[in-house]
Amino acid sequence: MHPMLTIATRAARAAGQTIMRAYTELDRVEVSSKGINDFVTSVDKEAEATITYQIRKSYPDHTIVGEEDGENRGDNKDYVWIVDPLDGTNNFVRGIPHFAVSIAVQYKGKIEVAVIYDPVREELFSAVRGKGAKLNEFRLRVTNVNDLSNTIIGTGFPFKARQHTESYMAILGEVFPQCADLRRAGSAALDLAYVAAGRLDGFFEIGLKPWDIAAGDLICREAGGTVTDFMGAHNYMTSGNIVAGSPKVTTQLVKTMRPLLNDGLKR
């Protein structure tokens with residue numbers, strides 16, 4: 001196993017234990033607001049500290065970028081660990097059992113290792129660049145479909161980018177009649193992992209952050225998926241606007257969405 005995958009897996013499982021201990025006592029979890037419908041809990045911070053500790057034990061000079069603590073610079077700038085300790089915090093706070101730990105390792109700007117861990121179901125999605133993607137020990141592959149009919153498409157409402165609500169609803173109105181059904185589950189990391197696992201045929205969302213995307217991006221691509229921004233380009237890590245799926249599904253989604261984009265979504 002790739003040594004950094006070993007450490008990422010260990011860190012994700014340790015954070016998962018922290019999260020699940022707190023999940024059994026939700027009334028004790030401290031919750032504060034970062035913005036409209038955007039929460040952070042004491043568990044997010046504790047889980048991120050657990051991940052940082054595990055990484056630092058083996059790679060003390062690497063840089064870590066986390067959702068809660070920001071950039072934790074090391075002497076080695078080539079290796080960057082991109083961490084979301086609890087993706088799906090709103091679900092967690094409400095007791096909805098759908099959230100995950102997301103960890104990616106970037107080397108000189110390219111994601112090389114990725115782990116998404118669902119501690120409720122004990123499912124570990126992982127990938128190493130060029131080596132394929134796995135769920136626990138089983139190889140993953142995106143679905144093989146030719147068009148949007150009979151597909152299930154995942155999405156997320158732009159609750160942090162409400163200026164795009166009108167465009168998003170227009171996109172939803174065009175996509176829904178073409179597919180079998182839509183899902184909005186509340187964890188972008190797991191949505192991308194589910195695309196890789198063939199549970200979803202495609203996924204799109206507006207205004208995500210690098211730590212929401214980084215691990216799922218590699219896992220999805222290593223499972224044979226295509227990941228783009230809303231224009232079909234590769235600026236999604238910067239813009240946060242992402243489309244993912246089996247290759248033909250991604251192409252169809254982009255084709256459907258492109259005429260409906262406002263200027264702010266054409267980046």
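The values are calculated or read from the model by the stated rules, or taken from the named source; none is laboratory data. Just so it is clear, the structure is predicted and the values come from calculations on it, not from any experiment. When we count neighbours, we look across all protein chains shown, and the Cβ atoms used for this are built from the backbone with ideal geometry, even at glycine. Ligands, DNA and RNA are stripped out before the accessible areas are found, and what is left, the full protein with its side chains, is counted by its heavy atoms. Shrake-Rupley method; radii C 1.70, N 1.55, O 1.52, S 1.80 Å.
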Problem set entry | One residue from Ala47, Ala22 being part of a helix (DSSP H, G or I), of a type in the set (A, V, I, L, M), in contact (Cβ under 8 Å) with a residue 12 or more places away in the chain and open to solvent by less than 10 Å² (accessible area, probe 1.4 Å) | Ala47
For this session: Scan the range 32-41 and give yes if some residue there is closer than 19 Å to Ile213 by Cβ, touching a residue at least 40 places away in the same chain (Cβ under 8 Å) and among the polar types (S, T, N, Q), otherwise no.
Result: no
For this session: For Gly173, work out the one condition from (1) buried (at least 24 other Cβ atoms within 10 Å of the Cβ); (2) more than 21 Å from Ile103 (Cα to Cα) it doesn't fulfil.
Result: (1)
Exercise. With respect to the numbered conditions (1) modelled with pLDDT of 95 or more; (2) in contact with a Ser or Thr (Cβ under 7 Å, 6 or more places away or on another chain), which one is the sole condition not fulfilled by Gly74?
Worked result: (1)
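Table: residues versus (1) under 15 Å from the mean Cα position of the chain (by Cα); (2) modelled with pLDDT under 95.
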| residue | (1), (2) |
| --- | --- |
| Gln178 | no, no |
| Asp181 | no, no |
| Gly186 | yes, no |
| Gly198 | no, no |
| Ile213 | yes, no |
| Phe230 | no, yes |
| Ala244 | yes, no |
| Pro247 | no, no |
Exercise. Could you count how many residues in the range 45-70 are charged (D, E, K, R) and closer than 23 Å to Val128 by Cα?
Worked result: 5
For this session: Would you mind listing the helices (runs of 4 or more DSSP H) fully within the range 184-248 where at least 1 residues are over 21 Å from Lys160 (Cβ atoms) and open to solvent by 10 Å² or more (accessible area, probe 1.4 Å)?
Result: 188-196, 210-222
Problem set entry | Positions within the range 104-129 being of a type outside the set (D, E, K, R), under 18 Å from Val227 (Cβ atoms) and in contact (Cβ under 8 Å) with a residue 60 or more places away in the chain, in sequence order | Ala104, Val105, Gln106, Ile111, Val113, Ala114, Val115, Ile116, Phe125, Ser126, Ala127, Val128
Exercise. Which condition breaks for Tyr79 when tested against (1) in contact with a His (Cβ under 7 Å, 6 or more places away or on another chain); (2) open to solvent by less than 30 Å² (accessible area, probe 1.4 Å); (3) at negative phi?
Worked result: (2)
